[in-house]
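Q: To start, I am sharing the structure in question, which I have written as structure tokens.
A short reminder: the numbers here are calculations on the coordinates, not readings from a lab. Since the model is a prediction, treat every value here as computed from it, not as a measurement. In this analysis, Cβ positions are derived from the backbone assuming ideal geometry, glycine residues included, and neighbour counts consider all displayed protein chains.
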């Protein structure tokens, strides 16, 4: 398992993920509802790989693709690579993780009872990421300690990551 440093764990995600039947699992910036659809937007901030020859070949292919696209971010390279003939030939079983469980600022989950991690993706500076992750943690602690508030609301609203939203304007 690999993850970026800007991911806040709110609860153990492994109890919510059935990843034993796949070679690789990717978090998403935007999840289309189908966990096996290669049209999902992969985010390489939260990755899970089985240790197999296929996944070793996947990493080798990823590094070769990065050589052809040296100015691109690794997840953008993955976005290109997942549609390639070479990727299809690997016969990798890929799963894209639902943003209601493995959430991020690109697509903030409103399902409080399911969310496990919050990634400060779609944000441009460490200061803004830290500011908004602190707000998430504060909201999480409040909601965890106020069971009555959770029972009244079917969907617990998160505050929009204000600093990160401003980082793109």
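Q: Please state the shape class of the stretch 1-78: rounded when a/c is under 1.5, otherwise prolate if a/b exceeds b/c and oblate if not, all from the C-alpha gyration tensor.
A: prolate
Q: Next up: According to the Cα gyration tensor, what semi-axes, each the square root of 5 times an eigenvalue, does the equivalent ellipsoid of the stretch 62-144 have, listed from largest to smallest in whole Å?
A: 32, 18, 7
Q: Quick one: if you stick a label point 7 Å off each Cα along the C-beta vector at residue 2 and residue 39, how many nm between them?
A: Computed distance between label sites residue 2 and residue 39 equals 2.8 nm.
Q: Rounded to the nearest 500, what is the chain's calculated 222 nm mean residue ellipticity when only DSSP H runs of at least 4 contribute -39500 (n - 2.57) each, over all residues?
A: Computed mean residue ellipticity for the chain: -10500 deg cm²/dmol.
Q: State, to one decimal in nm, how far the label point of residue 110 lies from the label point of residue 76, with both points 7 Å from Cα in the Cβ direction.
A: 3.2
Q: Can you give the angle from 0 to 90° between the axis of helix 53-68 and the longest principal axis of the chain, with both taken from C-alpha atoms, to the nearest 10?
A: That works out to roughly 90 degrees.
Q: For a test of the definition: using alpha carbon positions, the gyration tensor, and the 1.5 limit on a/c, classify the stretch 70-118 as rounded, prolate or oblate.
A: Taking the square roots of the gyration eigenvalues as a ≥ b ≥ c, the stretch 70-118 is oblate.
Q: Also, quick follow-up: In the calculated pair distance distribution of the stretch 37-91, what percentage of Cα-Cα distances lie above 17 Å?
A: In whole percent, the long-distance tail amounts to 35.
Q: Could you tell me how many degrees, from 0 to 90 and to the nearest 10, lie between the Cα long axis of helix 126-145 and the main elongation axis, the longest principal axis, of the Cα atoms of the chain?
A: With rounding to tens, the tilt is 50 degrees.
Q: Highest mean first, what order results for 33-42, 107-116 on Cβ atoms within 10 Å?
A: 107-116, 33-42
Q: In addition: Do you know the relative contact order of the chain, to the nearest whole percent, from alpha carbon pairs under 8 angstrom that are 6+ apart? Intermediate values should be presented prior to the final figure.
A: Working: 264 pairs, mean separation 44.0, N = 169.
Once normalised by length, the contact order is 26 percent.
Q: Please compute the modelled spin-label separation between residue 12 and residue 125, points set 7 Å along Cα→Cβ, answer in nm with one decimal.
A: 3.8
Q: Largest first and to the nearest Å, give the Cα extent of the chain along each principal axis.
A: In descending order, the Cα extents are 52, 36, 23 Å.
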